[in-house]
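Below is the structure I would like to discuss, written out as structure tokens.
The values are calculated or read from the model by the stated rules, or taken from the named source; none is laboratory data. Not measured: the values here are computed from a predicted model. Positions of Cβ are generated from backbone atoms using ideal geometry, with glycine treated the same way; all protein chains shown enter the neighbour counts. Heads up: the accessible areas ignore ligands, DNA and RNA and are worked out on the full protein's heavy atoms, side chains in. Shrake-Rupley method; radii C 1.70, N 1.55, O 1.52, S 1.80 Å.
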Amino acid sequence: MSIPDDQSAYWNSTGTGKTFGHPLHPGWTARIDRGAALLDYGCGYGRLAGDLAGLGFTDVEGVDVAAESVARARAEQPAARFDVLTDPPRLDRPDASYDAAFLFAVLTCVPGDDAQRALVAELHRVLRPGALLQVSDYCLQPDERNRERYRRFESRYGRFGVFETGDGAVCRHHTRAWLGELFGDFDAVAEHELPVLTMNDRPAVATRFLFARR
């Protein structure tokens, strides 16, 4: 079975009730001018965009495939702007529109190679040269629960690290080699690990990456 490239149906139904807790890295965020144009790609219900606005950023935009989540974001985070992605990952924005972008717990929800490549290429297009990209996501987890489901679904999807959640989503945890290839058109600036809870409230280790657009 091939890895699905589009999971919009899940994020417009079951996924609207998920919560995400990946925090901003204060030191990395402090590098960005408060008037910079920021993009929160995969914004969900607007938590991260709201955090950025609360830090004094005045030009924050969030985009997501889930219309219901975007409606909630608009209601709860009036200091930011939000749009629904109707043809993901395409953004209806000119080249070099943003000074920085945030991609938090998104790649795990876009499990296919082609879909991930297209998403990262679109971010590269809309970021200005030198712009910062902050990524927070999951590398392969070392615990036996995750290792068992990586093994269980490997034959179905043809890749170790892709798995089903049980409530309709297909997710992916990544090798560092793949992430290095995926972001090959960016310069790696910094990396950091931290404990988080997944969208199903399981403890996990997230890896945060700071990239600069060439």
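Out of everything in the stretch 70-122 that is in contact with a Cys (Cβ under 8 Å, 6 or more places away or on another chain) and part of a helix (DSSP H, G or I), what residue ends up being surrounded by the most Cβ atoms within 10 Å (Cβ to Cβ)?
Out of the qualifying residues, it is Ala73.
Hey, does the stretch 27-46 have a residue that's within 27 Å of Gly168 (Cα to Cα) and of a type in the set (A, V, I, L, M, F, W, C)?
Looking through the stretch 27-46, at least one residue is within 27 Å of Gly168 (Cα to Cα) and of a type in the set (A, V, I, L, M, F, W, C).
So, one more: What do you reckon, is Ser136 small (Gly, Ala, Ser), closer than 24 Å to Ile3 by Cα and in contact (Cβ under 8 Å) with a residue 40 or more places away in the chain?
Criteria met by Ser136.
What tally of residues in the stretch 55-69 results from selecting those that are touching a helix residue (DSSP H, G or I) at 6+ places or on another chain (Cβ under 7 Å), open to solvent by less than 40 Å² (accessible area, probe 1.4 Å) and not in a helix (DSSP H, G or I)?
5
Still on this structure, please answer the following. Considering only residues that are open to solvent by 30 Å² or more (accessible area, probe 1.4 Å) and in contact with a Lys or Arg (Cβ under 8 Å, 6 or more places away or on another chain), which ones fall in the stretch 167-189?
Hits for the stretch 167-189 are Asp185, Asp187.
Turning to a different aspect of this structure: Residue check, Pro142 against (1) open to solvent by less than 70 Å² (accessible area, probe 1.4 Å); (2) outside any helix (DSSP H, G or I), all met but one. Which one?
(1)
Let me ask another. Filter the stretch 22-40 down to the residues that are in contact with a helix residue (DSSP H, G or I) (Cβ under 7 Å, 6 or more places away or on another chain) and open to solvent by 10 Å² or more (accessible area, probe 1.4 Å) and list them by number.
Correct list: Leu24 only.
Would you point out the residue of the stretch 145-164, among those that are assigned to a loop (DSSP other than H, G, I, E, B) and crowded, with 17+ Cβ neighbours inside 10 Å, that is modelled with the lowest pLDDT?
Arg159
In addition: Given the residues Ser136, Ser155, which is the only one that is under 26 Å from Arg93 (Cα atoms) and of a type outside the set (Lys, Arg)?
Numbers: Ser155 fails: under 26 Å from Arg93 (Cα atoms).
Exactly one residue qualifies, and that residue is Ser136.
Examine the stretch 202-210 for a residue that is open to solvent by less than 30 Å² (accessible area, probe 1.4 Å) and out of contact with any strand residue (DSSP E or B) (no Cβ under 7 Å at 6 or more places or on another chain), and state whether such a residue exists.
Narrowing the stretch 202-210 to residues open to solvent by less than 30 Å² (accessible area, probe 1.4 Å): 204, 206-210.
In the following step, the residues that additionally are out of contact with any strand residue (DSSP E or B) (no Cβ under 7 Å at 6 or more places or on another chain) were identified as none.
No, that holds for no residue.
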